[in-house]
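The values are calculated or read from the model by the stated rules, or taken from the named source; none is laboratory data. Not measured: the values here are computed from a predicted model. Cβ placement follows ideal geometry from the backbone for every residue including glycine, while neighbour counts extend to all protein chains displayed. Heads up: the accessible areas ignore ligands, DNA and RNA and are worked out on the full protein's heavy atoms, side chains in. Shrake-Rupley method; radii C 1.70, N 1.55, O 1.52, S 1.80 Å.
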Amino acid sequence: PGQRQGVAFARSVLKNLRKTSASKQTSVAAAMAVISRRREGYDVVGGGEATTSNKSWRAVVAGIALGVLALAAVSIPHSNRAHRNGRSRDLPTTLKDSTESKDFDADGRYVVTDYDSRKPFASFLPGVGGEWGKPMWAFYVNRGQGVAAFGVENKDGPLLEFEPANKAYADASFKGFRTMLKVSRRGRATELAQPFFAPDDARANRTMIVGMNELELVEVDGAAGIETRVLYYTVPGEDFPALARRVTFTNVGRTRAELEILDGLAKLEPFGVNSGMLQAMGRTLEGWMRVYHCGRAEDSAVVEKAACELPYFKLSASTADSAQVQAIEEGNFAFAFAEPAGGEPAALLPMIVDPDVVFGRDTTLRAPEGFAAAASAAALAAADEVKVSKTPCAFSASAASLRPGASATVTSLWGRAESVAQLVDDVAPAALAPGFAARKRAEAVALTERLTAVVRSDTANPLFDAFSRQMMLDNLLRGGFPEFLGDAENPKVYHTFSRIHGDLERDYNNFQIDATFYSQGSGNYRDVNQNRRVDVLLFPKVKDFNLRQFLTLKQADGYNPLTVQTAYFSMETPGEFDWQAQAIAGAESSSSQPELAGLLSRPFRPGQLFNDAAAAGIELKHKKAFLDAAAAAARQVFAANYTHEGFWADHWTYDLDQIISFEAVYPDDVERAMWDAEKLPFYQSSGVVQPRDFKYVEVDGEGTIRQYNSVYDDETKVGLLDARVTKPDGAFQLAKKPDAKPESAEVYAVTPVSKLLLLFATKFALLDPSGMGIEMDSDKPGWNDAMNGLPGLLGSGMAETAETWRVADWLPTTPKNV
């Protein structure tokens, strides 16, 4: 009864705002009109009629909030409030001394002993190349040699095909990285060994060591007397994406060991394939597969059969059933070298690209029949190979003679180049330079250390210290790492390294990690919002950027698009920035000023700007200074994408957290940020929630009611979005005079606090008939996909009611403090 009274009182406050209409939808539009002081004669596209009022908008805020506080007072148990100040949970037992911990090695990396005997799990390298590097994604499992899939940008750019975890657990040992050894010792027969291959090998002791930006595997084969260490990391700070693999062989026996070595990838996908074709028509796709720069010129029918040192893997041409056939220039590469002692340049090793040469008739890829029968690795590399119309492999061939305790290291690089010329002239020389592999490993470790330094701690519990940094890394991979570009006194915030959370176990997400400098990718609204909640606490220079971004992406109906993209920069306001674009371009490159100014005249993100400049043949000598000048002169535009799937019921629940975090750091700036700052527009998608008489349906003829097809694309909105060609991402909701043309319509904007009030009002209006949960009225539940059927069952959520109460609690409290 008390709850019903609170609901009734709160609704009575809303009723006073309705003025001319009894419908909840119109009352929400009226509240918005009052709060924002909308100019007379302007309408919200898709919304109700405008109304005017002389009532102070702050008084309206207080009125609405008082009603909800009454609801809160009778609905939220006092025990819940008291719990906030209650005793914390007991902490887990701390480790006594980090140096004595079995969980971490001396470098702070997590140690998993007997990893391939444990329950299967999947994880990933973070896929960050640094601000001035190009990233590569890589996923690994605790089977075989770890890495189960890697590539560039997304699932359609693999070098090792992306597979869901259940398949990766089975395939990683066979299709992934492999090492094959022939071990000869005086007085003993030559022994064939495959480190990390046989599961539960009684003669092998195996360990996995996990760092924030590296993965290392160790196997000690007591029978063969060989320790094999495999180290993976992605290469940072280079103009090409690459995965580095360093394999070190140590003789732990008592006599000299002679090694013949094959090391590499059992299946390598050429550039130009995509995930769908690999899974559905992989055999047909092989017809286009070629290995170039391997005794085969682009225009030559002559194929040299011997091994090569810098193979270049790509399809011969586009695969579409079309009269227009496109040439493919980009390609994947794989090459290897033995790291010399004494700081000398490394020499390339021959690469075997035909799997039949290595495995013979064994198409399961289990037994290396060809290697077993060969006199040596070098002899095998000299064998005839087929380099067309089959899925290639990539194995380096080498040999080593190791006295007891001695080691030899084979390093290989796996990545993508824009052309054969880039591979030959840039990539290979850089990799073969003395100390490249060790230097890049140090840079990779330092990169994640820098990105997570803001939460560094040194406590008696090393598990806590490591956990904090790993969680920071996970947060920035989802929400992005804030960079500050432009004017040092008033910088613009740009989030790098973000991407949607796709991995082997969350195989349903199509992640995207752009292969650019300042790389970033889009993410889901809820995920990005969630993972940026503490941005301003950790990086105070972020200020109110995040709260403005996420409130901007709110629609007038309280919903938001699924996909949030990194904000871009624009100098496209007609005539306003032309001179600045010319000046910035001229300062950087007088010879390429017109071309560079043309790139700046259209919307850009840093990575794409540098890629476009490189494609146009423009050499930028002062990249950071040029970027800062461009960012300072441009305006920043928020971007998102509506995916036509409906609207999730809980994506908005972190909006208030952004405000509260800002308030914690800048309590004296809340009034400016929420009331006096530049007004925010509304995102507009083509999606509209159906009235109940359309979406409530009878499904069995016996009175069973369901809620289906709740969201549809409104033709009027589709037309408006199509007409708005100057807004690249389908941007904002417009308010326009009745007879105005779409291209001359003005953007309708309100204060941030008005958006928050509107968010509360729209959610409160969705209380279910029992006054308990917020209705799931737009085809989607909350984040838990297991609840997908609830919207159809007329479901509602109590969690969203609690979040609505939090907003209602903030609205009347904050004006008193500012």
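Data for the structure
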quantity: Built amide H within the under 5 Å cut-off of A397, gap 5+; calculated: I352
quantity: Linear extension gain, T190 paired with Q324, 0.36 nm per residue minus alpha-carbon span; calculated: 42.7 nm
quantity: Over 18 Å (Cα to Cα) - which of K155/K440; K492/K624; K717/K763; K155/K390; K543/K679; K267/K440 fall in this group; calculated: K155/K440; K717/K763; K155/K390; K267/K440
quantity: Rounded accessible area of S796 (nearest 10 Å², 1.4 Å probe); calculated: 50 Å²
quantity: Whole-number percent relative contact order across the range 185-234, with pairs defined as alpha carbons under 8 Å at least 6 apart; calculated: 29 percent
quantity: The range 751-818, relative contact order [Cα under 8 Å, separation at least 6], %; calculated: 31 percent
quantity: Theoretical FRET efficiency, 1/(1+(r/R0)^6), r = Cβ-Cβ of A625 and D426, R0 22 Å, to 0.05; calculated: 0.40
quantity: Label-point separation, A383 to V454 (7 Å along Cα→Cβ), nm; calculated: 5.4 nm
quantity: Contact order normalised by residue count of the range 147-267, Cα under 8 Å, 6+ apart, percent; calculated: 24 percent
quantity: Nearby aspartates and glutamates by direct alpha-carbon distance to K554 (threshold 14 angstrom, same-chain neighbours under 8 apart not counted); calculated: D650, D655
quantity: Förster-model FRET efficiency, 45 Å R0, D103 and R806, C-beta, rounded to 0.05; calculated: 0.75
quantity: D668 versus T255: modelled label distance in nm, points set 7 Å from Cα along the beta carbon direction; calculated: 8.1 nm
quantity: Rg/Rh ratio calculated on Cα atoms of the range 446-536 (Kirkwood radius); calculated: 1.01
quantity: Aspartates and glutamates whose Cα lies under 13 Å from that of K134, excluding same-chain neighbours fewer than 8 positions away; calculated: E153, E238, D239, E418, D514
quantity: Residue-span extension gain [V718 to A799] - 0.36 nm each, minus C-alpha spacing; calculated: 25.9 nm
